[in-house]
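One structure is given here, and the rest of the page talks about it.
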Amino acid sequence: MSFATMATFFALAALVANVATVGLIVWGFAGQKEGQSPFEFLRGMTLWLAGFVALAAMLGSLYLSEIAHLVPCRFCWFQRIGMYPLALILLMAAYRRDAKARLYGVTIAAIGAGIAAYHRIVQMFPDLESGSCATSGVSCSAALIEQFGFVTIPYMSFSAFALILTLLWADRLNSQTPRDDTPAVADNQT
């Protein structure tokens with residue numbers, strides 16, 4: 001496939017991630033009921049989904065650097081430092097059913113999302129770029145990919161981090177409520 005086709009595919013994937021994120025957030029707030037998780041339909045799948053989102057983002061970034069030969073800027077490296085371990089941490093947590101790993105995932109994804117958001121702002125307002133990115137040889141304000149007039153690499157990265165954070169929120173809500181199929185415990189009255 002050509003680079004242009006792959007760039008369009010990655011941009012569409014980011015937009016799908018945006019729709020999924022907004023949809024899950026709306027579903028989460030609109031569907032909240034006392035003692036019930038609005039994400040019951042995702043129970044047992046949220047860590048897997050978050051891990052696969054991180055894995056897809058990691059493979060996409062590897063495609064861009066290793067196959068398309070785009071040189072990552074300094075902020076891109078920081079986002080990779082967040083995304084790559086997320087793929088491993090979240091998939092291992094899903095396999096082991098370790099909900100405690102959610103804290104690590106949220107922390108890393110929130111930092112990565114912050115860096116991606118700032119990177120996208122630097123692209124929109126190049127005057128904000130300090131000299132720190134220029135030392136790597138690649139300008140952080142340069143948009144090496146720009147699809148649909150606004151989807152750039154940091155936008156794609158932010159979209160993945162945001163979806164991961166939303167899925168981890170759904171996992172937390174599920175872990176705070178009992179399963180729907182769990183029989184209710186009857187009070188012993190004598």
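Free of Cβ contacts under 8 Å to residues at least 12 places away in the same chain and assigned to a helix (DSSP H, G or I): is that true of residue 22 in this structure?
Details: free of Cβ contacts under 8 Å to residues at least 12 places away in the same chain: yes; assigned to a helix (DSSP H, G or I): yes.
So residue 22 fits the description; yes.
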Restricting attention to segment 25-52, which residues are in contact (Cβ under 8 Å) with a residue 60 or more places away in the chain, among the hydrophobic types (A, V, I, L, M, F, W, C) and outside any helix (DSSP H, G or I)? 39
Please verify whether segment 117-127 includes one or more residues that are of a type outside the set (Gly, Ala, Ser), touching a Lys or Arg at 6+ places or on another chain (Cβ under 7 Å) and crowded, with 16+ Cβ neighbours inside 10 Å. no
Going by what's in this entry, would residue 93 be described as under 11 Å from the mean Cα position of the chain (by Cα), crowded, with 21+ Cβ neighbours inside 10 Å and either among the basic types (Lys, Arg) or in a helix (DSSP H, G or I) (or both)? no
How many of the residues in segment 19-43 are within 24 Å of residue 153 (Cβ to Cβ) and crowded, with 17+ Cβ neighbours inside 10 Å? 3
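Bear in mind that the values in this text are calculations on the coordinates, not laboratory data. This structure is a prediction, so every number in the text was calculated from the model and none was measured. No Cβ is skipped: glycine too gets one built from the backbone with ideal geometry, and neighbour counts run over all protein chains shown.
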